[in-house]
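Remarks on the structure that follows.
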Amino acid sequence: MMKLNYYTIGALPKLTWDSELPCTISEFIEEYRIQLEPLMDGVSDILLLNDVKNLELILKARIEKDEKFRGNREDGKIDYYKARVVEPEELESFLEEPFINRPDENYPEFMVEYFLKHKTDEERFHHIEELYIDYFKYMQTRENGFLRYYGRIATTIRTVISAMRIMRRGLDLDKHLKGDPFVVQTILENRNNADLGLKNHFPEVAEVIALFDRDRDPIEVEKDLDRIRFELMEEVGRETPFADHIIYSYIIGFQVRNRWNSLNDEKGLQILENIIEGNY
């Protein structure tokens, strides 16, 4: 395993926040599939997040039938995240009968439970943040230590972002804040503190909070949030440059960077703005 990782890591294209990507994340995984094979369970866990995102896109389109949310292709179809575990057609079928049409017997239980709990498209979309939280909780149960770290840090970031957006909109934090129970409770108890009481748990919290201190373009805020996510993955690579988790952190970083590579035209940015404007 370690020999494989040395070989694979040495062959990886250089990846920085400002660098041009040599290919898409889907093309990258396909090209390195043989080398990644021993780690594909973990890779699939990472890509499962794109299934959640694709489900959100499907629900959004089904509810609103709004062309703004139907992708950047001329045929008007949803522009799905392509690096995924399950094909969109299967996800559509899964939405209809979550228990009967489960993509396979190993498809995570939290996915099935969410769509059994919430019956209608409207309800499922309204509570979609629960599904994201469930995904990151699932990641915190993985055997690999890095994937557990990723689940924890991603949940923390998401909860802090949610808290800042709720407060920015003048809503009741106690009523609306969802996320990791520890992080939620810490924020509620320290809402008037500059670091929301999270400095020791999440040292980068000040950088995230600072993004909401001034009136900024939501797209730029979202991009800076992804930059922080990317740099956290990059930091893992510097600390331990040859281990399984470096492959995982590289794929996550590639995926974050790939998001902006595919949204650099006017249509793509408009789609992203439409998706996030309700949460900003």
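The values are calculated or read from the model by the stated rules, or taken from the named source; none is laboratory data. Since the structure is predicted, the reported quantities are computational estimates derived from the model, not experimental observations. We place every Cβ from the backbone using ideal geometry, glycine too, and count neighbours over all the protein chains shown.
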Within the set of pairs 6+ apart or on separate chains, which have a first residue in segment 124-136 that is under 9 Å from Leu59 (Cβ atoms), a second that is in a helix (DSSP H, G or I), and C-beta atoms under 6 Å apart?
-> Arg124/Leu59; Phe125/Leu59; Phe125/Ile63; Ile128/Glu56
Any idea how many residues of segment 186-215 are under 21 Å from Tyr149 (Cβ atoms) and not acidic (Asp, Glu)?
-> 13
The correct count of residues that are without any contact (Cβ under 8 Å) to a residue 24 or more places away in the chain and surrounded by 15 or more Cβ atoms within 10 Å (Cβ to Cβ) in segment 102-123 is 7
Quick one: which residue in Glu97, Glu92 is surrounded by fewer than 16 Cβ atoms within 10 Å (Cβ to Cβ), in contact with a helix residue (DSSP H, G or I) (Cβ under 7 Å, 6 or more places away or on another chain) and at pLDDT 85 or above?
-> Glu92
Could you grab me the full set of residues in segment 196-211 that are surrounded by fewer than 16 Cβ atoms within 10 Å (Cβ to Cβ) and more than 23 Å from the chain's Cα centre (by Cα)?
-> Asn200
State whether the residues of segment 249-258 include one that is modelled with pLDDT under 90 and either of a type in the set (Phe, Trp, Tyr) or surrounded by fewer than 19 Cβ atoms within 10 Å (Cβ to Cβ) (or both).
-> yes
Is segment 62-85 home to any residue that is outside any loop (DSSP other than H, G, I, E, B), at pLDDT 90 or above and farther than 28 Å from Leu232 by Cα?
-> no
Could you count how many residues in segment 200-234 are part of a loop (DSSP other than H, G, I, E, B) and either under 12 Å from Ile157 (Cα atoms) or in contact with a Pro (Cβ under 6 Å, 6 or more places away or on another chain) (or both)?
-> 4
